[in-house]
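Below is one structure, written out as structure tokens; the observations come after it.
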Amino acid sequence: MVIKSSNKIEIPITELEQSAFCQDGSNYRTRTLEEEFKSGVRWQKIPTRYLKLSPEEIQDSIAEIKNSLKNRIVVLGHHYQREDVIKYSDIQGDSFLLSKLASEMQNSEIIIFCGVHFMAETAEILSNDNQKVILPNMAAGCSMADMASFTQVKESWVQLTSQLQSKSVKKPIIPITYMNSTASIKAHCGKNDGIVCTSSNAYKAFDWAFKKGEKILFLPDQHLGRNTAYDYGIKEEEISIWDPYVPNGGLSDLQLSNSKVILWKGHCSVHTRFTVQQIESAKIKFPDVNILVHPECTNEVVSMADFVGSTEYIKNTIDNAPAKSKWAIGTEINLVKRLANTNKDKNIFCLDDMICPCSTMYRVHPAYLLWVLEGLVAGYVINQIKVEEEVKDYAKIALQRMLDL
Ligand code: SF4
């Protein structure tokens, strides 16, 4: 969902809501849903009996139901989920790992995905026909994914391809979409000779695409796209930004002709909070600190980091780091806090002093997990994610191309 302001720039509501749970860190804990509703963001409606339950009151019920359904369900927990939710997950991972594992769990009739909407969609695309995927709170979207609607991408694609055709560009433009996009964008890439990528295989996806085409349209994260393009040796003047809110993406004929990589104007509101100043402060405080960031951060931040990689890479790097080493991390706070707790022999802290969780991930409160579990006990499936068959087929093509890399 987007809102229109008077100057016609549209901003996804999820982006406006992104800082809803930011705080100074003194009192970071799960509250009752009734209290958390005061944050002012959109929550999915839930029966009132769940509103006053504290995390402690919910705990035993979830454990009991999980135990009674253990042969039928698997609960997946994304690394960015809060501790009061991740503790109920059978498997933890990043979006790609969890979706891939979900596709391999043929015995689990129900997959409960504690993450955000595009992740549950990907699990649904990769799961088999007998499995059902549940997202505990349907309001758990992703502001980055919301920055590229299907209609915008379809219209932009028509503009781009017709402009390039008129210039007699010989080889086609190849669309690459990051995993963090809706199923329909993945399907668009599948249908138009494109591919899906993750933050760990984006370089390989570039390589694959440049063997087939002359230019790449990278969706929806401009920062992962730019960081990968630089790694690939693309020059600054060969990279441009496509703004879906202005005609022809805001690109002149010359800019388009010179571009090898066209970046969709989207970003992650969580990872773009990290700054060069934060890195400088960490280095002043601890001269021997290692800076470890996610490639959804800006290029200025990535260029100053010692290590850059996906969520799984960040986790593995910290788990395998030597005792007493110091790490300032630029990724979602729930993962950083967990890494600090599980690696007490190292000094682990977040680059940003503020506690600023991903506000859409945060909407999976344990009460929502209890709600969908109680639904299963009562014999009905709440919040099942369904992807249209045609979308699923084309999205699978793009995902399979990635798996074959
Ligand atoms: S951390 Fe960023 S990319 Fe991931 S779900 Fe949140 S807004 Fe989306």
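Only the coordinates and a few stated rules stand behind these numbers; no lab work does. The structure displayed is predicted, hence computed values, not measured ones. In this analysis, Cβ positions are derived from the backbone assuming ideal geometry, glycine residues included, and neighbour counts consider all displayed protein chains.
Return the distance in nm (one decimal) between the two label points of a simple spin-label model at residue 24 and residue 59, each offset 7 Å from Cα along Cα→Cβ. Here the modelled spin labels are 2.9 nm apart.
Legend: calculated FRET efficiency, residue 16 to residue 38, from the Cβ-Cβ distance at R0 = 25 Å, rounded to 0.05, equals 0.90. Rounded to the nearest 5, the antiparallel percentage of DSSP beta bridges internal to the chain is 10%.
How much length would be gained if the chain were fully extended between residue 341 and residue 158, taking 0.36 nm per residue of separation minus their Cα-Cα distance, in nm to one decimal? Let's see the in-between values first.
Details: separation 183, 0.36 × 183 = 65.88 nm, distance 4.94 nm.
Difference between extended and current length: 60.9 nm.
Checking Cβ-Cβ separations below 4.7 Å across the chain identifies 114, 142, 189, 197, 268, 297, 350, 358 as cysteines lacking any candidate disulfide partner.
If you take the beta carbon distance between residue 354 and residue 378 as r and set R0 to 41 Å, what does 1/(1 + (r/R0)^6) give as a FRET efficiency, to the nearest 0.05? Working from the Cβ atoms, E equals 0.50. Measuring between their Cα centroids, the range 337-402 and the range 210-266 lie 30 Å from each other. Here the extension length gained between residue 230 and residue 91 equals 46.6 nm, from 0.36 nm per residue of separation less the Cα-Cα distance. Along the axis of the charge dipole computed for the chain (Cβ charges of +1 for Lys and Arg, -1 for Asp and Glu, origin at the Cα centre), the listed residues 163, 293, 152 are led at the positive end by 163.
The distance from the alpha carbon centre of the range 120-145 to that of the range 176-196 is 16 Å, rounded to a whole number.
Testing the spin-label approximation: label points 7 Å from Cα along Cα→Cβ at residue 403 and residue 204. State their distance in nm. If labels sit at residue 403 and residue 204, their model points lie 1.3 nm apart.
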